[in-house]
C-alpha cells in the first residue's frame, strides 16, 4: 500500500515574502486539496495568530482553514497551558502573540502596569518578534527575569525574509535578553519538540511527513531531528552556499514551491 504523506509548510520565505506570494504557491495548495493530501502551515513568526494568517493568505488568493495554521505563538500558549501553573505574563511581541497570551486568561502585564511596579509580580516573560520593540520593554523583561520570572522564547530565528531583504527576528530580541539576564530561555518553535507535537497532531494518520522550509537552522534541522523528509526551497533565507557549509543537509532542494507540484505528482505515481 502506498505511503500516505502529509506536508508541513513554513510560511515566510516559502509561501510568501512579506505581502508578496511566491509564484506557484496558490497552485500548489489547490493541487494538494484536489489530491486530498493533508497539509499544515507551521510558522515561527508569532506576530499574527492563525485567524490573522488565514486573512493574509486569503488576500493572496490562498484559502486555508484556520485550523491548518500553527504559529509559534499558538504552540507557546498550548505548551504553557500544559506545563505551567497560571501566573502573570509580560509579553514582547506582536498582536498575534498578545492575543495568544490573553487566551490563557492568566493576566498580561503591559508596560504601563510594569512602570507602576507590577513587573515584580510577573511569573513568565514571553518573547517573540516585536515590530514595535522599545528599550522600555527590554528593561522590564530584564527586571522580571532577574526577579525569577520564567523566560520563554517563541522561536530562535535571528532574521526573517521580507521584501527588502532580511529583517531582525525574534532570536535577535531573545539574544539581547540573554545578554542582559544571563538566563537561557525555553524555546518553543522550530526546531524544537513543542512545535513538532502540535504539528504532528494536525497530521494524524499519515505515514510520512515532509517539511518544506527555507532555513537550515530551523526548518531543515527540525525535519532531520524528527525523522521528516527535509525539502528546502531557495526563496527565503538559506542558500546553496549555506548548505555546502552546513552539517545540516536537506533531502531535496528546489528553486521554489512551484516545482513541488511536479515532484509530488511523480511521487504519487510511483506510489511512494
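A short reminder: the numbers here are calculations on the coordinates, not readings from a lab. In this text, all values refer to a predicted model and were calculated from it rather than measured experimentally. Every residue, glycine as well, gets a Cβ built from its backbone with ideal geometry; the counts of neighbours run over all protein chains shown.
What the table below lists for this structure:
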| quantity | calculated |
| --- | --- |
| From 47, 76, residue being part of a loop (DSSP other than H, G, I, E, B) and either crowded, with 21+ Cβ neighbours inside 10 Å or in contact (Cβ under 8 Å) with a residue 60 or more places away in the chain (or both) | 47 |
| Qualifying residues in the stretch 60-73 (those that are part of a helix (DSSP H, G or I) and in contact (Cβ under 8 Å) with a residue 40 or more places away in the chain) - the one nearest to residue 92 (Cα to Cα) | 73 |
| Single residue of 250, 185 found to be over 28 Å from residue 126 (Cα atoms) and surrounded by 17 or more Cβ atoms within 10 Å (Cβ to Cβ) | 250 |
